[in-house]
Amino acid sequence: MSDLIPGVLDLLVCPACRSQLTWDYEASELVCTGRSCGLAYPVRGGIPILVIDEARAPHGS
Ligand SMILES: [Zn+2]
């Protein structure tokens, strides 16, 4: 299991709002902690896809 290296997450911020991201282990997503944002970014092959167009809206599904 090649999870994200602890510490790397601290360097990543949401490209939409610059808030910190938190790792959702079950969903394999990086979720923005910004209250007014909350976008969830996919992680593919251990690489976070920090692209707003690829992100899932929090209240979408
Ligand atoms: Zn955000």
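Computed from the coordinates by the stated procedures, all read-outs in this text should not be read as laboratory data. Not measured: the values here are computed from a predicted model. With ideal geometry, Cβ positions are generated from the backbone for all residues, glycine too; neighbour counts draw on all protein chains shown.
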Pairs needed: first member in region 5-24, within 15 Å of Gly46 (Cα to Cα); second member anywhere, of a type outside the set (Phe, Trp, Tyr) and away from the ligand (no atom under 15 Å from the Cβ); C-beta distance under 7 Å; at least 6 residues apart or different chains. Trp23/Leu4
Tell me which residues, restricted to region 39-51, are out of contact with any Lys or Arg (no Cβ under 9 Å at 6 or more places or on another chain) and more than 12 Å from Val13 (Cα to Cα). Val43, Arg44, Gly45, Gly46, Ile47
